[in-house]
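What follows is one structure encoded as C-alpha cells, with my remarks underneath.
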C-alpha cells in the first residue's frame, strides 16, 4: 500500500494546473496581481500558504528545494515547510542557495546571486502596495489600470515631511517593467536592488488575499524615490560577528541581559559558506 | 453717423407669479436715441421706470418687445436679442453703468473695485491701480480708504467709488443712475467735470438726475419718462 | 473673446434612476473664463447633473463634449478611462461641500496638494513642497501648517485646502458643489472672495452648484435654474435674479433673506 494518500506535492493536479495558469499570466504581465483560487492548506494563513501553493504547483520530482525565513534555514517556519515538501513531494532539500532549484522565502532575498536555473518563491502577506493608502479594492484596481501612482509617492512624501528621509524600510514599493506598481513583500529595502535584473524567475504568492504575481528574469525593477531623495539601500552599520562580512544584511542578536549585542548575517547559508571558505584558507597554517 | 444707442418700441412688464400671475406693465413703446458726445437726461416722477430703462439697456432686465441697438466699433448689437455672452462682452468693453447703490464684493478693497474694469479690459494690475488711485483722489476719497472694502464706507464715499469705477474706462456708452444724489457741492462739481470730459471724449451718456443744476450742466436733451410710462 | 469656442458643450443630457428622473434634456455651452451657477433647491437634480458632467455616472442620453488642450472637442463618452482620469487629475478641479470627498484627511496638507503634482509626474520633493507652500499661501493658509493633516483644520481651511489641491495642476475647469455649504457667513465670504479672485486671475471656467443665490450672484456670469431635473430658466446672472420669469425662480429669489 502506498504511504501517501495525497497527490504529489499535496495539491491535486487540477488545483496545480489552475495555479500554473495564474503563474503564466503573472509572468506575462510582470508585476500585475493575478487572482487565483487559493486552496486550503494544512497550516494557517500567515504561515506562507501562498508561497507553498506556488511551490507545490511548480515543483517537479527532480527539484531541490530550499526554504528560508528571514534569511534563515532553521527557523520553525522554514523547517516545517521544508519537511512538508520532503514528505508530500519526496524532493531533495538543501540549505545551500547555490544547490537549490526552487527557493521559497519569507522576508529576504538570498545574498548569493541567483542563476537562471533557479526560481525564487516569495510568501506575501498583503500583495497590494496601495492598501494602506486606499482601502477600497475597487479603487486600487482602478489606480493600477490607469497607472495612477501619485498616491504611492504621497506616502514617500509624507515620510520625508515627517522624518526627513524616506522612512519606509521594508516592503519598499517598486515599479516593475515601467508599468505596474508592486509590493516586493516585506523584504528589507536592502534587497530591492537584487530583485531588479535578477537572473532567476521570481514568483509571489499571497494565500489569504488570493493573488499571484511575478517578475520574469532580467526584468527592470525600479524602487520609487524622488530626484532629490534618491532610493538608498539600508543595512545596520557593522560587520558580521561570525563571518566578518561588511556588505550583508545583518540581524541584531541580544546576547545577555546587560545590553550585550552582536550583529550576524541574516542569510545563514551565506554566512556559513563564508566561514567554511575562510577556515579552508587557514587550514594550511594549522 | 449712426447713434451709439437706438431704442425703439421697447415695452416691459413684470408678471408676478407669486401674486397670482398678475401682470405689471412698466413701460410701453420706449423710443429714443443717444449719439456720441451727447448726454440725454431721463426725467419723470418716481416709479415712471427711469431706472428700469437703464437696466434694460444694461441687460439686467429683459424686454417684452422692441429693439435696443448699440453701435460701437463697427459692431451693431441688438441687446434685446443678444445672448448673455455678447451682453457680457459689451459690458466689459462698451457699456459702463453707475448704479445708485454699489454692489461690492465683501473683502475687496476700494482700489481694486475701481481698477477691476480696467483689468478686465486687459490693463496690467499695477497700472490699473495707479489710474484707479488717481481717479479716487480726484473724487476726494481719502487715501486711507483705498485699501478697505467699500461696504464699510459712508453713502457718499460708496457713491464716489461707484462713479470712479464706472467713469475710469473709456466706455462708449455710459448709464448713470443718480450719480450725484448723495454728494456735497464740491464733489458734485467734480462729477459734473468728469461727465463733461467723457462727453468731449465722445461718450454717449444717459443720466437720471434729479438735481436740476447738475442736469443743466451735463444734459443736451431731456427725455420725459412720462411719455413711455405704462403706468401713466 | 466672443468668437472663441466653448470649453464644455452639453447637449440633451438625460438620466433616469429607474423610474425616477435624475435630469432631462439639459444643454448649455460653457466658455473659457466663464462661470455658470446651477441653482435650485435640494433634489432639483443639480448635483446629479454635476456628477453626470464629470462622468462619475453614465448618462442615458445626450452628449458632454470637452475642448482638449490640443483644441479638439471630444465627446467624453468616447474617451478612454485613462484619458478621463488624466482630465480629472490635471485639467479639472473639484471642490466638494464635504472636504473628505476631496481630501485625504490623514495625509498632510502638503501631501494633499502634492498628490496631483505627483500623479502628473513630479518627482522632486523640494519642488513639490515649495509648490505646496506657495499654494497654501495663495489660499491664505499659514505655511507652518504644511505638515498638519486636514482633520486638524477648520471647515473653512479645509475648503481652502481643497481649492489649492484643485488648482495646483493649472486646470482650466473647476466643478464646485456647494463650496461654502455649512460654513459660517464670515468664513463663506472669505472663500467666495478667494474663489472669485482666483477665477479671474487664472482665467478659469467654473460650474458651481449652489442653493445660495448670493453665492451665484457673486461668482457667476450666468445662472441655470433647475427644478425637478430640468433647467427651467437660464441667462445672465443679474437678469435671472433681478428679472426672474418663471414662477419657481421668482419664488427662489423672493425667498432670500435680506442681509
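Considering each residue of the stretch A:223-237 in turn, none proves to be over 22 Å from residue A:132 (Cα atoms), buried (at least 22 other Cβ atoms within 10 Å of the Cβ) and either in contact with a strand residue (DSSP E or B) (Cβ under 6 Å, 6 or more places away or on another chain) or in contact (Cβ under 8 Å) with a residue 60 or more places away in the chain (or both).
Note on the stretch C:1-44: residues that are surrounded by fewer than 16 Cβ atoms within 10 Å (Cβ to Cβ) and within 22 Å of residue C:181 (Cα to Cα) total 3.
Checking each residue in the stretch C:200-222 for being over 26 Å from residue C:244 (Cα atoms) and surrounded by 18 or more Cβ atoms within 10 Å (Cβ to Cβ) picks out only C:204. With respect to the conditions (1) modelled with pLDDT of 90 or more; (2) within 12 Å of chain C (Cβ to nearest Cβ); (3) in contact with a helix residue (DSSP H, G or I) (Cβ under 7 Å, 6 or more places away or on another chain); (4) part of a helix (DSSP H, G or I), residue B:18 lacks only one, and its number is (1). May I ask you to verify whether residue A:30 is closer than 21 Å to residue A:87 by Cα and part of a loop (DSSP other than H, G, I, E, B)? Judged against the criteria, residue A:30 is not a match.
State all residues of the stretch B:194-227 that are outside any strand (DSSP E or B) and touching a strand residue (DSSP E or B) at 6+ places or on another chain (Cβ under 7 Å); if no residue qualifies, say none.
Within the stretch B:194-227, B:195, B:198, B:199, B:203, B:209, B:215, B:218, B:219, B:220, B:225 qualify.
To keep it simple, each residue is scored yes or no on (1) surrounded by 21 or more Cβ atoms within 10 Å (Cβ to Cβ); (2) in contact with a strand residue (DSSP E or B) (Cβ under 8 Å, 6 or more places away or on another chain); (3) within 14 Å of another protein chain (Cβ to nearest Cβ).
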| residue | (1), (2), (3) |
| --- | --- |
| B:41 | yes, yes, no |
| B:46 | no, no, no |
| B:75 | no, no, yes |
| B:78 | no, yes, no |
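Within the option set C:55, C:88, C:69, being within 17 Å of residue C:28 (Cβ to Cβ) and either touching a residue at least 12 places away in the same chain (Cβ under 8 Å) or assigned to a helix (DSSP H, G or I) (or both) holds for one residue only, C:55. Which residues, taken from the stretch A:85-103, are in a strand (DSSP E or B) and within 17 Å of residue A:200 (Cα to Cα)? A:102, A:103 - these are the residues of the stretch A:85-103 that are in a strand (DSSP E or B) and within 17 Å of residue A:200 (Cα to Cα).
Report, by residue number, each residue of the stretch C:28-39 that is under 20 Å from residue C:92 (Cα atoms) and part of a strand (DSSP E or B).
C:28, C:29, C:30, C:35, C:36, C:37, C:38
In this structure, residue B:57 does not qualify as assigned to a strand (DSSP E or B), more than 12 Å from every other protein chain (Cβ to nearest Cβ), surrounded by 20 or more Cβ atoms within 10 Å (Cβ to Cβ) and at pLDDT 95 or above. Within the span defined as the stretch B:159-173, one or more residues are modelled with pLDDT of 95 or more, part of a loop (DSSP other than H, G, I, E, B) and over 23 Å from residue B:105 (Cβ atoms). Taken over the stretch B:24-43, the criterion of being modelled with pLDDT of 90 or more, in a strand (DSSP E or B) and touching a helix residue (DSSP H, G or I) at 6+ places or on another chain (Cβ under 6 Å) is satisfied by B:39, B:41, B:42.
Selection of the stretch C:68-108 for residues being farther than 18 Å from residue C:171 by Cβ, in contact with a helix residue (DSSP H, G or I) (Cβ under 8 Å, 6 or more places away or on another chain) and within 10 Å of chain A (Cβ to nearest Cβ) yields C:81, C:104, C:106, C:107, C:108.
Number of residues in the stretch A:123-157 that are out of contact with any helix residue (DSSP H, G or I) (no Cβ under 6 Å at 6 or more places or on another chain) and under 22 Å from residue A:169 (Cα atoms): the value is 12. The selection criterion, being crowded, with 17+ Cβ neighbours inside 10 Å and modelled with pLDDT of 95 or more, does not hold for residue C:180. Taking the residues in the stretch B:118-136 that are within 12 Å of chain C (Cβ to nearest Cβ) and either crowded, with 21+ Cβ neighbours inside 10 Å or in a helix (DSSP H, G or I) (or both) as candidates, determine which candidate is farthest from the chain's Cα centre (by Cα). Top of the filtered list is B:125. How many residues does the stretch A:206-233 hold that are within 14 Å of chain C (Cβ to nearest Cβ), farther than 28 Å from residue A:248 by Cβ and part of a strand (DSSP E or B)? Total meeting the criteria: 0.
Listed here are the strands (runs of 3 or more DSSP E) enclosed by the stretch A:104-201 that have at least 2 residues being within 15 Å of the chain's Cα centre (by Cα): A:119-123.
Of all the numbered requirements in (1) part of a loop (DSSP other than H, G, I, E, B); (2) touching a helix residue (DSSP H, G or I) at 6+ places or on another chain (Cβ under 7 Å); (3) within 22 Å of residue A:134 (Cβ to Cβ), residue A:243 misses one, and that requirement is (3).
Selection of helices (runs of 4 or more DSSP H) fully inside the stretch C:139-250 by the criterion of at least 3 residues being at the interface with chain B (Cβ under 10 Å from one of its Cβ atoms) returns C:185-202, C:213-219, C:237-242.
The values are calculated or read from the model by the stated rules, or taken from the named source; none is laboratory data. The shown structure was predicted, so the numbers you read here are calculated from the model rather than taken from an experiment. Note that we place each Cβ from the backbone using ideal geometry, even for glycine, and neighbour counts take in every protein chain shown.
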